[in-house]
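Visitor: Mind looking over this structure? Questions follow.
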Amino acid sequence: MIKLNINAKTFYRNGYETQNATREENLIRRRQQASRHGNQLWDAIQKHCPDRGREKKEALKLLRPSEAKHLDYMHPGAATKWLLRLEDAFYDVVENPEDAGTVTAVHAPWNTNVKECSIDVDGIRRRIWQGLRGFNYIGLIEFAVFDNVREGNGKLLAPHFQGILWNVEITKDDASRAYRTFDGGMDGTHGLWVEKLTNFFGALSYAVKLPAYGYRRIQCRDGSFAHDTCKLYLSTHYRLFEHLRHLSLPQLTVAGGEGAAVLRAAKKAAGWKPQK
């Protein structure tokens, strides 16, 4: 497998813990996080929803445990359900995966802010397909909120792709195209990087995670910058809920090569169909 560059200056503690935990530890942590995120969303809707009547009731209804079956991105219980569907589908479809790795794609033109959330999911998906053509991969488009970084009229919201890949046999031209496709992000974050996968479920779990926390940009003593996790204000939770609740986890899942068959199998097992 062609080794891609890794940005050592960008360190996400939560991601490190997730990718190095056991399957059981990950599931326990996810359920705890889902409970906390559900409480955060409940409080955010109660405090910031401008309509005290029907609109608020409809918003709170979307948080019911029974609604997780729809696999909506903002439902606290949906991510674990989708994660387990992907895990089952992967092992049903892929035989003897080798040279597996985690893959992250970052492209600054995707950036928007929490206030506007002008996100072109189809455009992001097309660029990922273009850049990772020739790879076997599957992962999700996710959204990182930077609490202390401004983008236009609000806090930076940085869509990016996080996933896994396997059985990679690509040419130098393929690798060059992949690099050129993604512009990278702030502080020298590479557009595309891959690390060797040592914990399959942990890596998949990190790709299918809740938008339950944000990030802060921190300046180090040597003048460089690092990114660490932080809590989000209830107002930010509410804005994310309002702007992203129409998206589903299957919609945000992007795959190529053998990963396309994994995605089809997961959707079929979940009984998921696009809403008209």
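Read-outs throughout are calculated quantities, based only on the coordinates presented, and are distinct from any laboratory measurement. This structure is a prediction, so every number in the text was calculated from the model and none was measured. Cβ placement follows ideal geometry from the backbone for every residue including glycine, while neighbour counts extend to all protein chains displayed.
Visitor: Going by average Cβ neighbours within 10 Å, how do the peptides 124-131, 24-31 rank, with the highest at the top?
Guide: Working: 124-131: 18.0, 24-31: 15.2.
The densest-packed peptide leads the list: 124-131, 24-31.
Visitor: Further question on the same structure: Tell me, what is the percent relative contact order of the chain, built from C-alpha pairs under 8 Å that lie six or more residues apart? Before the final figure, lay out the partial values.
Guide: Numbers: 512 pairs, mean separation 87.5, N = 276.
RCO, the chain: 32 percent.
Visitor: Return the lysines within reach of K81: Cα separation strictly under 26 angstrom, same-chain partners fewer than 8 residues apart disregarded; answer none if there are no such residues.
Guide: Reachable lysines: K56, K57, K61, K69, K196, K209, K231, K267, K268, K273, K276.
Visitor: If you take the square roots of the eigenvalues of the alpha-carbon gyration tensor of segment 143-272 and sort them as a ≥ b ≥ c, do you get rounded (a/c under 1.5), prolate (a/b over b/c) or oblate? Working shown, then result.
Guide: On the way: a/c = 2.02, a/b = 1.22, b/c = 1.66.
Judged from the Cα gyration tensor, segment 143-272 comes out oblate (a/c at least 1.5, b/c at or above a/b).
Visitor: Using amide H atoms built in the peptide plane, which far-off residues or other-chain residues are under 5 Å from V149 H to H?
Guide: The list, which skips near neighbours in sequence, is L156.
Visitor: Still on this structure: Report, in debye and to the nearest 20, how large the dipole of the chain comes out about its Cα centre when Lys and Arg carry +1 and Asp and Glu carry -1 on their Cβ.
Guide: On the way: 41 positive and 31 negative charges, 201 e Å.
It comes to approximately 960 debye.
Visitor: With n ≥ 4 as the cut-off for DSSP H runs, can you work out [θ] at 222 nm for the chain, using -39500 (n - 2.57) per run divided by the number of residues, rounded to the nearest 500? Could the numbers behind the result be given before it?
Guide: Working: 10 runs with 115 residues, N = 276.
Helix-only estimate at 222 nm: -13000 deg cm²/dmol.
Visitor: Can you tell me which aspartates and glutamates have their Cα less than 18 Å from the Cα of K47? Leave out same-chain residues fewer than eight positions away.
Guide: Those aspartates and glutamates meeting the cut-off are E55, E58, E242.
Visitor: With unit charges on the beta carbon (Lys/Arg positive, Asp/Glu negative), name the residue among L165, F225, F241 whose Cα is farthest towards the positive pole of the charge dipole of the chain.
Guide: F241
Visitor: State whether segment 13-270 is rounded, prolate or oblate according to the following rule on the C-alpha gyration tensor (a ≥ b ≥ c being the square roots of its eigenvalues): a/c under 1.5 gives rounded; otherwise a/b larger than b/c gives prolate, and the remaining case gives oblate. Write out the running numbers ahead of the final one.
Guide: On the way: a/c = 1.68, a/b = 1.25, b/c = 1.34.
Since a/c reaches 1.5 but b/c is at least a/b, the shape of segment 13-270 is classed as oblate.
Visitor: Let me know the shape class of segment 170-226, please: from the alpha-carbon gyration tensor, a ≥ b ≥ c as square roots of the eigenvalues, rounded when a/c is under 1.5, otherwise prolate if a/b is greater than b/c, or oblate.
Guide: Details: a/c = 2.10, a/b = 1.15, b/c = 1.82.
The shape class here is oblate.
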